[in-house]
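Beneath this line is the structure, given in structure tokens, with notes to follow.
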Amino acid sequence: MNRWSHKTLKFTFTLAALALGLTVVGLACGGGDESGSKTPGASTEADGSVSLDLSMGDNFFDLNGEHNPTLEIAAGATVEIKLANEGAAIHNMRFAGEDNQYNNGDDAVSDPDQVPAGQTAVIKFTAPEKPGTYKYQCDFHPTDSKGEITVK
């Protein structure tokens, strides 16, 4: 093996070792915050509250390119979802609440409850204490604009 090949090989092994080391460090430091949310794009505050930006389109909810995403939130967390209507139609967001049924008095609904195109709204609620899967929807497009919130 000539000297140039030896240097190239040594450099390649050094880069591979560095990449492996960074991968291990990234995996060790990664992961969700057990007290808040594992939903990509969500921020968890020191008090355990969760804040998230979600877009509404015709006819879907969007989070970082994923339509009608499943949101993952810790039991009992205070949740604030900022909604931007990027569609042409009126939209909103309704969380089914602890009974997981719509229109039974424990729902949380965006404010305002009718969000015209180009406008924004916010929905605030406390996640149920009981782990499980809970529903959310747009009241104007309930068969298309819907998703789930997994409470852990």
*Residue-wise, which Karplus ³J(HN,Hα) couplings in Hz belong to the stretch 113-130, taking 6.51 cos²θ - 1.76 cosθ + 1.60, θ = phi - 60°, and x for glycine or proline?*
7, 10, 10, x, 3, x, 9, 10, 8, 9, 10, 10, 6, 9, 4, x, 6, 7
_Isotropic mean projected area of the C-alpha convex hull, the stretch 43-151 (nm²)_ = 6.1 nm²
*Amide H neighbours of I149 under 5 Å, counting only residues 5+ apart in sequence or on other chains, H built in-plane at 1.01 Å?*
L71, Y134, K135, Y136
*Under the Karplus relation 6.51 cos²θ - 1.76 cosθ + 1.60, θ = phi - 60°, what is the ordered set of whole-Hz ³J(HN,Hα) values for the stretch 75-90, x standing for Gly and Pro?*
4, x, 5, 7, 10, 10, 10, 8, 10, 10, 7, 9, x, 9, 9, 6
*Residue-wise, which Karplus ³J(HN,Hα) couplings in Hz belong to the stretch 104-111, taking 6.51 cos²θ - 1.76 cosθ + 1.60, θ = phi - 60°, and x for glycine or proline?*
10, x, 10, 5, 10, 10, 4, 10
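Values in this text are rule-based calculations from the coordinates and carry no lab data. On a predicted model such as this, the values are computed, not experimentally measured, just so you know.
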